[in-house]
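Novice: Following this message is one structure expressed as C-alpha cells.
Throughout, read-outs are computed from the coordinates displayed, never taken from laboratory work. Values in this document were obtained by computation on a predicted structure and should not be read as measured data. Reconstructed Cβ throughout: ideal geometry from the backbone, glycine too, with neighbour counts over all protein chains shown.
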Amino acid sequence: MIFNTFGNRFGNRPLIRRHRHIRPDWRQPVNEAQKKAFKEDLQYRVEHWRIIMGETPIRWTIRNMKSQWGNCRPQTRQLTFNMQLALLDNSLRDYIIVHELSHLQVPNHGPQFKARMDMFLPDWRTRRKLLREYVIHILNP
C-alpha cells in the first residue's frame, strides 16, 4: 500500500499521478530505454550540481522507492534516487538532487539546510510545492 504525504491510501496501481490530473502516458512502467536515458541524465545533473555545490558524494544509485523521491546517507555519503523521477520534469529532478546534496552538509531540515537550499536553488519552495502534488505508486515487477 502506498501513502502520500497526507496519509491517504491509494491502491497498488502502477502510475505516478498529479492531483486532479492523470497523464495517461504515466500509467506504464519506466521502460529500459527510459531507464538508460534517465541514468545518463541523472549522472550529468548530479555532476553538475556537485561541482556547483562543492560536494563529493561517494556513490549514488537509482531504484524504485515506495515513499521517497530521494534519500541521503551523510555518514556514508551515499545518495539514492527514485526511478520514478524519470517521469518528472527536469526542474523537479534538480530540486531533488540539490535537496539530497544539501543533506551531505546538513543532515536535517533546519535553518542551515533552508539557507543552503536558498543559496543554490532560490525557487526551491515553489518546486517542492509542485512536487508534493505528485503521488508515488510502486510499479509491480
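Novice: Tell me which lysines have Cα within less than 19 Å of residue 129's Cα, excluding those fewer than 8 residues away on the same chain?
Specialist: Once the sequence-local lysines are set aside, what remains near residue 129 is 114.
Novice: Can you give me the distance in nm between label points at residue 61 and residue 126, each placed 7 Å from the Cα along the Cα-to-Cβ direction?
Specialist: About 3.6 nm, to one decimal.
Novice: Evaluate the relative contact order of region 30-133 (contact order divided by residue number), counting alpha-carbon pairs under 8 angstrom at least 6 apart; express in whole percent. Write down the numbers at each step before the final one.
Specialist: On the way: 108 pairs, mean separation 25.2, N = 104.
RCO, region 30-133: 24 percent.
Novice: Sort 96, 52 so the one with the fewest other Cβ atoms within 10 Å of its own Cβ comes first.
Specialist: Final ranking by Cβ density, sparse to dense: 52, 96.
Novice: Which loop-located trypsin sites (Lys or Arg not before Pro) does region 49-120 contain, where loop means any DSSP state but H, G, I, E or B and the Cβ has at most 15 other Cβ atoms within 10 Å?
Specialist: Working: sites: 50, 59, 63, 66, 77, 93, 114, 116; in loops: 66, 77.
Within region 49-120, the qualifying trypsin sites (Lys or Arg not before Pro) (loop, at most 15 other Cβ atoms within 10 Å) are 66, 77.
Novice: Any idea which of 61, 34, 122 is furthest toward the positive side of the dipole for region 30-133, if Lys and Arg beta-carbons carry +1 and Asp and Glu beta-carbons -1?
Specialist: 61
Novice: While we're here: Tell me the label-point distance for the pair residue 133, residue 52, using the 7 Å Cα-to-Cβ offset, in nm and rounded to one decimal.
Specialist: 2.2 nm
Novice: Further, regarding this structure: If the only charges are +1 at each Lys and Arg Cβ and -1 at each Asp and Glu Cβ, what is the size of the charge dipole of region 30-133 around the Cα centre, to the nearest 20 debye?
Specialist: 320 debye
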